[in-house]
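The next block holds one structure in the form of structure tokens; read it before the comments.
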């Protein structure tokens with residue numbers, strides 16, 4: 001790798017082309033969405049198999065929780081507000097939360113663009129990097145949801161006994177909103193982590209640690225309500241709960257009324273916070289950025 | 001005499017490979033430390049999970065807290081040992097087939113199964129064996145366990161058998177790469193395998209789960225891998241299950257080697 005040049009004013013390169021007619025501005029992101037969608041749908045067979053594989057460990061999870069509830073003699077009662085059926089429904093629903101909030105290869109990809117110098121394509125073309133990544137990721141998510149719809153539908157049909165039916169329309173609307181916001185929190189969080197690449201070049205190690213911790217504190221292993229205080233309360237203040245726990249708890253009607261609105265507001269604020277953080281880190285990072293590579 | 005000198009030769013080779021991979025690993029100390037930290041965090045999460053669970057119940061599938069903690073430690077150590085010795089090697093096999101680099105390994109005057117499945121040691125997962133052992137030690141102390149030579153001997157034998165059974169399954173899965181060329185599902189299958197092995201087999205109770213548990217104990221003996229050594233140490237010393245585990249080990253090692261050689265015969269070199 002040879003350092004080609006340090007852009008005198010990288011911000012100009014990024015900001016200047018963003019003047020054209022608004023309709024064109026959004027049309028190009030729509031085009032990115034369409035191309036990325038077509039790309040992802042090519043490997044739908046792979047997708048389908050991977051989804052099926054991901055479900056199988058659910059069998060042992062169901063059996064383990066059954067043993068836990070039986071051991072506690074609470075098959076007919078509750079544990080921290082969760083009956084046995086709620087617990088399984090919750091763990092199934094965290095799969096849906098993660099479907100929206102997980103962002104494989106996003107932060108690593110940004111760090112790679114910085115390291116290898118390929119980031120300059122965003123600086124030279126009339127395109128905003130975060131806008132491009134967002135359109136690309138939405139396409140990936142749409143493709144994932146479409147291809148995994150059948151296996152998920154099958155899974156939820158088989159496990160329908162763990163649910164009390166669909167919640168009321170207002171709860172469903174709040175659930176849908178919480179999932180969209182979960183996507184945004186997950187996306188901008190990972191972009192922010194990726195931006196650390198401007199300073200450290202390699203973020204894979206950091207990502208490994210973040211993802212491992214996230215697995216527990218986002219509530220993918222168990223509902224945060226089961227943790228003793230102050231942990232449960234503390235973790236509910238952090239953004240990670242929105243990536244798994246919160247949407248699932250909303251669907252199950254565990255959070256209602258004013259707290260539902262407060263938590264949704266919290267989710268929105270975290271999404272905005274990470275959006276601003278990602279943008280600020282990007283701008284600061286570009287000042288340090290030297291375009292490496294040929 | 002011939003056999004003994006053969007064993008000594010392979011042990012020497014293994015030692016050489018271990019030193020070589022350790023030197024490679026230590027060239028990237030930062031990466032090594034991160035790998036180890038991730039494993040430490042993962043163990044902490046597992047323990048936190050069981051602390052939360054046992055705060056609300058005194059037994060899970062007939063296992064009390066110290067017994068279950070021993071099971072978790074046993075799983076962590078055994079899984080760590082397999083990942084350390086074989087997982088990375090088996091995972092690279094598909095790539096060797098795809099690129100044709102397998103030719104070079106097949107030409108070497110060493111047993112191909114040994115060279116392919118043991119040539120690299122993933123030292124990043126080696127501390128898992130120690131951490132798992134420490135958890136087992138703590139669990140034994142918590143349980144007020146009295147030293148018992150027979151139990152220790154049975155544990156050690158069945159722990160080695162469990163590792164060998166897991167290795168046999170992994171070798172079979174790896175061999176499929178010869179036909180599939182791309183075998184990205186190996187890691188997924190391994191995850192499935194470990195998700196079955198990580199729980200006590202007593203959780204398989206109920207009308208549909210019992211036959212499933214029996215299937216994974218007697219037909220595809222994944223459930224014996226951690227269950228039998230952990231049971232032998234802290235619960236009942238079940239003679240027939242120990243015998244079954246030893247028999248399954250011998251059978252699987254033999255069958256997986258046959259299958260591996262059968263797969264190699266279908267290998268068509270891809271290199272120029």
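The values are calculated or read from the model by the stated rules, or taken from the named source; none is laboratory data. All figures in this text were calculated on a predicted structure; none of them were measured in a lab. Here Cβ is always computed from backbone atoms with ideal geometry, including for glycine, and neighbour counts include all displayed protein chains.
Counting only helices (runs of 4 or more DSSP H) that fall entirely inside the stretch B:176-248 and contain at least 3 residues that are more than 14 Å from chain A (Cβ to nearest Cβ), the qualifying elements are B:177-180, B:224-234.
Residue-level analysis places residue B:199 among those that are within 20 Å of residue A:60 (Cα to Cα) and modelled with pLDDT under 95.
In the stretch B:210-239, the residues that are loosely packed, with under 14 Cβ neighbours inside 10 Å reach residues that are part of a loop (DSSP other than H, G, I, E, B) with C-beta atoms within less than 7 angstrom, at least six apart or across chains, in these pairs: B:210/B:204. So is residue A:249 under 13 Å from residue A:189 (Cβ atoms) and away from chain B (no Cβ under 14 Å) or not? Taking the combined requirement at face value, the residue does not satisfy it.
Of A:69, A:132, all but one fail to be within 12 Å of chain B (Cβ to nearest Cβ) and surrounded by 17 or more Cβ atoms within 10 Å (Cβ to Cβ); the exception is A:69. Looking across A:157, A:188, one residue alone is in a helix (DSSP H, G or I) and under 21 Å from the mean Cα position of the chain (by Cα). It is A:188. If the condition is being assigned to a loop (DSSP other than H, G, I, E, B) and within 14 Å of another protein chain (Cβ to nearest Cβ), then the stretch A:74-103 contributes A:74, A:75, A:77, A:78, A:80, A:81, A:83. State whether one or more residues within the stretch B:123-142 are within 25 Å of residue A:231 (Cα to Cα), within 14 Å of chain A (Cβ to nearest Cβ) and either free of Cβ contacts under 8 Å to residues at least 40 places away in the same chain or crowded, with 17+ Cβ neighbours inside 10 Å (or both). Checked against the condition, which is being within 25 Å of residue A:231 (Cα to Cα), within 14 Å of chain A (Cβ to nearest Cβ) and either free of Cβ contacts under 8 Å to residues at least 40 places away in the same chain or crowded, with 17+ Cβ neighbours inside 10 Å (or both), the stretch B:123-142 yields no hits at all. The number of residues in the stretch A:192-206 being more than 15 Å from residue A:274 (Cβ to Cβ) and surrounded by fewer than 20 Cβ atoms within 10 Å (Cβ to Cβ) comes to 7.
Checking each residue in the stretch B:112-149 for being in a helix (DSSP H, G or I) and out of contact with any helix residue (DSSP H, G or I) (no Cβ under 9 Å at 6 or more places or on another chain) picks out only B:149. Out of all the residues in the stretch A:49-72, which are touching a helix residue (DSSP H, G or I) at 6+ places or on another chain (Cβ under 6 Å), at pLDDT below 85 and assigned to a helix (DSSP H, G or I)? Residues satisfying the conditions are A:51, A:52, A:53, A:55, A:57. Of the helices (runs of 4 or more DSSP H) lying entirely inside the stretch B:3-111, those containing at least 2 residues that are surrounded by fewer than 18 Cβ atoms within 10 Å (Cβ to Cβ) and modelled with pLDDT of 90 or more are B:29-54.
State whether the residues of the stretch A:254-262 include one that is on the phi > 0 side of the Ramachandran plot and out of contact with any helix residue (DSSP H, G or I) (no Cβ under 8 Å at 6 or more places or on another chain). Yes, the stretch A:254-262 contains at least one residue that is on the phi > 0 side of the Ramachandran plot and out of contact with any helix residue (DSSP H, G or I) (no Cβ under 8 Å at 6 or more places or on another chain). Would you confirm, using the coordinates I've provided, whether residue A:81 is at positive phi, surrounded by fewer than 18 Cβ atoms within 10 Å (Cβ to Cβ) and modelled with pLDDT of 85 or more? It is true that residue A:81 is at positive phi, surrounded by fewer than 18 Cβ atoms within 10 Å (Cβ to Cβ) and modelled with pLDDT of 85 or more.
On inspection, residue B:54 qualifies as touching a strand residue (DSSP E or B) at 6+ places or on another chain (Cβ under 8 Å) and free of Cβ contacts under 8 Å to residues at least 60 places away in the same chain.
I'm trying to understand the selection: among the residues of the stretch B:38-52, which are within 14 Å of residue B:76 (Cα to Cα) and more than 7 Å from every other protein chain (Cβ to nearest Cβ)? The answer is B:39, B:40, B:43, B:44, B:46, B:47, B:50.
Only one entry of A:226, A:269, A:235, A:207 meets the criterion of being within 14 Å of chain B (Cβ to nearest Cβ) and free of Cβ contacts under 8 Å to residues at least 40 places away in the same chain, and that entry is A:235.
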